[in-house]
Amino acid sequence: MASTELAQRVIRDFIEHGITEFVLSPGSRNAPLAIALYEAERQGLVNLHVRIDERTAAFFALGIIKATRTPVAVVCTSGTAVANYYPAFLEAHHSDLPLIVLSADRPARLRQTGANQTTNQINLFNCGRFFNGDNYKLHKFGPTHINLEFDEPLLSDAKEEWLDNLSTKELHDEDAKVENFEVPTGKGLVVVGHDGIDVSEFADSLGVPVISENPLSYAKAIPHASLFSAQLDIDWVVVAGRTTLSRSTNSLISKAKAVFVIDPRASKVDPKRSATKIFSTIPQIIGSAEKWNLSSDLIKIDGWSEPAAAQCIAENLPNGSTLYVASSRPIRDLEAFAAPRAGVEVFANRGLAGIDGNLSTALGIASKRESAFAVVGDLAFLHDLTALVNQEKIKLKLLVINNDGGGIFSTLPQAGVAGFEKIFGTPHGRDLFEIAKAFGLPVTEINDLKSLKSFISPPTKFEIAILQMPDRESNAALIKDLAKRVNYR
Ligand SMILES: Cc1ncc(C[n+]2csc(CCOP(=O)(O)OP(=O)(O)O)c2C)c(N)n1
């Protein structure tokens with residue numbers, strides 16, 4: 001099939017399946033797709049975002065997928081370009097997000113002949129679904145890679161009518177059947193991880209204590225739970241989503257006599273099938289649970305520190321706002337120190353918990369929201385600077401917790417080993433304020449809770465705050481100290 005016709009057929013099919021968000025990175029081999037997409041955008045049929053860096057593009061797409069719960073396609077040229085989608089593709093695989101990679105390729109006959117920008121793109125990601133050519137199938141779950149071989153001529157006279165008479169085709173969910181959850185005897189607990197389905201109503205009806213990795217998802221969750229969960233004694237636990245943040249909560253789960261998992265992605269959540277029972281959708285409760293109380297007093301953290309900043313941000317976010325939280329300390333500080341509340345929608349890349357692509361994901365989410373915030377560490381910030389190149393008209397307040405390196409390592413067993421700063425702490429000494437300025441972005445420096453609080457009003461544009469933090473060692477000591485102050489009963 002001629003390249004232009006192939007590209008037009010594919011883009012038309014995507015639009016007919018309701019896929020209207022595309023993130024394009026420039027190239028020659030994918031020119032037929034780029035031109036078709038530009039035409040479709042001109043006709044108001046798609047939103048076309050352009051990112052020069054494919055890694056950024058794919059994480060930006062993940063953000064849009066998270067915010068809209070619809071598949072998003074990323075489009076790139078051949079060679080290393082497509083390999084730059086790998087981190088986001090893996091993240092999509094582990095969090096079941098419908099990222100669709102449309103990679104342009106050279107014709108198969110050119111492989112292994114030394115032809116320019118030609119490699120083996122067949123099943124490059126080694127996970128998700130792979131299709132070569134236009135006999136693909138679109139899905140609503142998990143990532144898909146569609147590789148399209150384009151031969152010369154790449155450009156031909158565009159036919160205007162290729163987008164006429166569109167007809168809608170539905171992407172169908174596989175129906176999951178509702179099962180029964182027979183409430184066991186003894187003390188039970190609900191643990192809410194990230195990326196799961198909303199189990200608030202289920203937890204309310206069950207009436208047992210709830211601890212949540214994201215305290216902003218459930219106002220009745222118990223504060224500071226990750227700081228004491230390992231010391232609890234329970235008989236059974238219902239785990240919703242994946243718990244990836246604290247060793248303490250995972251050790252509590254492993255001690256329970258019976259573990260019930262609620263997650264549509266059970267095969268990735270509990271691959272060893274160690275759970276007593278796995279539900280792929282919220283089950284119906286049969287029986288009633290033993291009543292018992294678990295509570296802990298909220299510690300008000302004064303002074304300027306990472307835990308205090310996390311608590312301040314969580315408390316002051318306007319109702320109705322969206323928060324993206326980066327991996328490493330930011331998400332753990334939120335878990336450990338935020339007062340549980342409702343009214344804030346929280347996102348994080350917990351599929352593989354990378355510190356890559358975090359700014360891009362946050363920007364993708366913010367591109368679909370009116371009041372978005374993101375909290376990232378300084379290494380996560382530096383890791384994804386190309387996210388700052390193309391900003392469109394996105395409203396986001398990005399808060400960078402700057403502790404000049406990887407603060408989490410000072411809280412882990414490797415703290416203080418010989419060579420710690422060189423091989424774990426990795427101070428960079430860069431001026432993040434100047435870096436943000438160099439991208440033409442409005443930037444503020446924050447050194448106290450009062451200025452932080454006043455920064456957390458709804459964004460009107462994309463702007464950055466650099467939160468200059470005390471050193472990483474004193475932060476680790478403070479976290480230990482706060483854990484000792486937790487009072488639970
Ligand atoms: C892509 C990737 N590389 C490396 C890691 C390992 N890692 C986990 S946390 C971390 C340090 C992150 O530092 P920063 O973003 O500044 O946050 P902080 O630890 O200071 O809170 C690193 C390197 C990772 N999760 N992802």
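Bear in mind these aren't lab numbers, they're just calculated from the coordinates by the rules spelled out. This is a predicted model, so every value here is computed, not measured. Every residue, glycine as well, gets a Cβ built from its backbone with ideal geometry; the counts of neighbours run over all protein chains shown.
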*Farthest toward the dipole's positive end in the stretch 277-317, which of Ala289, Gly303, Ala314, given Cβ charges of +1 (Lys, Arg) and -1 (Asp, Glu) about the Cα centre?*
Ala289
*Among Phe381, Phe60, what is the fewest-to-most ranking by other Cβ atoms within 10 Å?*
Phe381, Phe60
*Restricting to the stretch 180-286, what percent of DSSP beta bridges are antiparallel, rounded to 5?*
5 percent
*Just in the stretch 317-420: which trypsin sites (Lys or Arg not before Pro) are loop by DSSP and have at most 12 other Cβ atoms within 10 Å?*
Lys393
_Quick check: pseudo-label points 7 Å beyond the Cα along Cα→Cβ at Ala418 and Ser454, how many nm apart are they?_
5.1 nm
*Which whole-Hz ³J(HN,Hα) couplings does the stretch 231-236 yield from phi under the Karplus relation 6.51 cos²θ - 1.76 cosθ + 1.60, θ = phi - 60°, glycine and proline marked x?*
8, 7, 10, 9, 9, 9
*Excluding same-chain residues fewer than 8 positions from Lys422, which aspartates and glutamates have a Cα within less than 15 Å of its Cα?*
Asp404, Glu473
_Need one number: nm distance between label points at Asn123 and Tyr86, each 7 Å from Cα along Cα→Cβ, rounded to one decimal._
1.7 nm
*Around Tyr324, which amide H atoms from residues at least 5 apart in sequence, or from another chain, sit under 5 Å from its own amide H, with H modelled in the peptide plane?*
Phe347, Phe373, Ala374, Val375
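For a protection proxy built on the mean count of beta-carbon atoms within 10 angstrom, sort 61-73, 408-420 highest first, please. It would help to have the intermediate numbers written out before the result.
Details: 61-73: 23.5, 408-420: 13.8.
Ranked by mean Cβ neighbours within 10 Å, highest first: 61-73, 408-420.
Give Lys177/Lys257; Lys368/Lys395; Lys220/Lys484; Lys187/Lys255; Lys187/Lys300; Lys437/Lys461 a once-over and call out the pairs whose C-alpha atoms are over 19 Å from each other.
Lys177/Lys257; Lys220/Lys484; Lys187/Lys300
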*Net charge dipole size for the chain [Lys, Arg +1 and Asp, Glu -1 on Cβ; Debye, nearest 20]*: 1060 debye
_Under the 0.36 nm per residue contour assumption, what length would be gained going from the current alpha-carbon distance of Ala339 and Ser167 to full extension?_
57.1 nm
*Long-range amide H contacts for Thr444: which residues qualify at under 5 Å (H placed 1.01 Å from N, peptide plane, sequence gap of 5 or more or a different chain)?*
Ile464, Ala465, Ile466
*So what is the relative contact order of the stretch 42-100, in percent, for Cα pairs below 8 Å that sit 6 or more residues apart?*
40 percent
_Counting other beta carbons within 10 Å of each residue's own, what order do Leu6, Leu298 fall into, fewest first?_
Leu298, Leu6
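Expressed in nm to one decimal, what extension gain is obtained for the pair Thr113 and Asp134 from 0.36 nm per residue of sequence separation less their Cα-Cα distance?
Details: separation 21, 0.36 × 21 = 7.56 nm, distance 2.45 nm.
Additional length available on full extension: 5.1 nm.
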*Hey, how many Å between the Cα centroid of the stretch 43-70 and the Cα centroid of the stretch 324-398?*
16 Å
*Apply the Karplus parameterisation 6.51 cos²θ - 1.76 cosθ + 1.60, with θ equal to phi minus 60°, to every residue of the stretch 193-200 and state each ³J(HN,Hα) to the nearest whole Hz, in sequence, with x for glycine and proline.*
x, 9, 6, x, 8, 5, 10, 4
_Can you list the DSSP H helices in the chain whose Cα atoms extend at least 18 Å along the helix axis and whose mean Kyte-Doolittle hydropathy is 0.0 or higher?_
54-68
